[in-house]
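The values are calculated or read from the model by the stated rules, or taken from the named source; none is laboratory data. The model shown is predicted, which means the values in this text are computed figures rather than measured ones. Positions of Cβ are backbone-derived with ideal geometry, glycine not excepted, and every protein chain shown enters the neighbour counts. Side chains are part of the model used for accessible areas, which takes the heavy atoms of the whole protein and leaves out ligands, DNA and RNA. Shrake-Rupley method; radii C 1.70, N 1.55, O 1.52, S 1.80 Å.
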Amino acid sequence: VGRDLLAGARAKSPILLANAVKRYGDGTHIGQYSLGTYRAKLPQAHRAIYHTGMVRFIGRYAASQAPKYPVVKYEIMSPSLQGGSGLMVDSGITRRDGTTYDVRWLLAKYGSTYRVRDAMVYGFWMTPFLKSLFETYIGENGGNVNALVVTLNR
């Protein structure tokens, strides 16, 4: 995950970053959680296109933010912590200017593998941030979830 995200960030590539999210992320959980109170309003027939658009949005957003945080390396810390929501893995990130920060990854177990469910960067979990953005957008569009689906897929 770290290698793919770092490559995408260095290239400032929304496609590479979205591919990393798609490959390693718990997209279904992230997508459903991010709809918040509007979750039940997403028609079954629109779920796949919503999730595709959500992943693309994350890739575009991450690519737009990458230049602000030029990462030169990451390090996985140990030990991991088992929590009620999954496995938490800490990493140390080093920026080009030598400053460091921590990222805590929340992983959910699926069979014999794990998927990234969330990440805490600078003390903020990412999925609540996404949920707030999406709920606000839907609310500003009269509670119409399809307005978000269309926007995410532009």
Positions within the stretch 1-29 being under 18 Å from residue 114 (Cα atoms) and in contact with a strand residue (DSSP E or B) (Cβ under 7 Å, 6 or more places away or on another chain), in sequence order: 1, 2, 24, 25, 26, 29
Would you be able to tell me the number of residues in the stretch 44-84 that are open to solvent by less than 50 Å² (accessible area, probe 1.4 Å), more than 15 Å from residue 30 (Cβ to Cβ) and modelled with pLDDT of 90 or more? 5
Do the conditions hold for residue 92, that is, is it loosely packed, with under 13 Cβ neighbours inside 10 Å, more than 14 Å from the chain's Cα centre (by Cα) and of a type in the set (Gly, Ala, Ser)? no
Could we say that residue 33 is touching an Asp or Glu at 6+ places or on another chain (Cβ under 9 Å) and assigned to a helix (DSSP H, G or I) here? yes
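Any idea which of 39, 47 is more than 12 Å from the chain's Cα centre (by Cα), in a helix (DSSP H, G or I), closer than 16 Å to residue 153 by Cα and of a type in the set (D, E, K, R)?
It is 47.
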Count of residues meeting criterion [of a type outside the set (Val, Ile, Thr) and within 10 Å of the chain's Cα centre (by Cα)] in the stretch 103-119: 3
For the stretch 110-131, how many residues meet the condition of being touching a helix residue (DSSP H, G or I) at 6+ places or on another chain (Cβ under 8 Å) and either without any contact (Cβ under 8 Å) to a residue 60 or more places away in the chain or open to solvent by 40 Å² or more (accessible area, probe 1.4 Å) (or both)? 5
Cβ pairs under 7 Å, 6+ apart or interchain, first in the stretch 133-152 and surrounded by 14 or more Cβ atoms within 10 Å (Cβ to Cβ), second charged (D, E, K, R), ordered by first then second residue, are 145/41; 152/56
Name the residue that is nearest to residue 102 (Cα to Cα), counting only residues in the stretch 50-76 that are in a helix (DSSP H, G or I) and of a type in the set (Val, Ile, Thr). 58
Step by step: first the residues of the stretch 1-43, then only those that are of a type in the set (Val, Ile, Thr) and surrounded by 16 or more Cβ atoms within 10 Å (Cβ to Cβ), then the one that is modelled with the lowest pLDDT. Which residue is that? 1
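Could you check, for the stretch 113-134, whether at least one of its residues is outside any helix (DSSP H, G or I) and farther than 28 Å from residue 38 by Cα?
yes
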